[in-house]
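Comments concern the structure below.
FYI, it's all coordinate maths here, none of it is from the lab. None of these values were measured; they are calculated from a predicted model. All Cβ positions, even for glycine, are placed from backbone atoms using ideal geometry, and neighbour counts span all protein chains on display.
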Amino acid sequence: MELLEQYRGIEILRTTAGHVVVVDPQGSPQDRFAMVEILASNGLMDALFFPGIEPARDVIDSVIEKRLERDWRG
């Protein structure tokens, strides 16, 4: 995979097939496999891939915002 950008500590990569994906660099291969398995079992495989860097950044921002909001509210 080719690193396109490191954004807020998360890697945005292009796969050898040309797909843009978001990966936590601290996650293990087992963590990544588990995420793919969860998405696949729920029919959400499209959630793995992004049409470009900007949509990937938007999702990263959204996840961080929701996590901060949840932590703030307790």
Worksheet item: Residue check: is residue 36 among the β-branched types (Val, Ile, Thr), in a helix (DSSP H, G or I) and under 14 Å from the mean Cα position of the chain (by Cα)?
Response: yes
Worksheet item: Which one is farthest from residue 56 (Cα to Cα) among residues in the range 1-23 that are in contact (Cβ under 8 Å) with a residue 12 or more places away in the chain and part of a loop (DSSP other than H, G, I, E, B)?
Response: 16
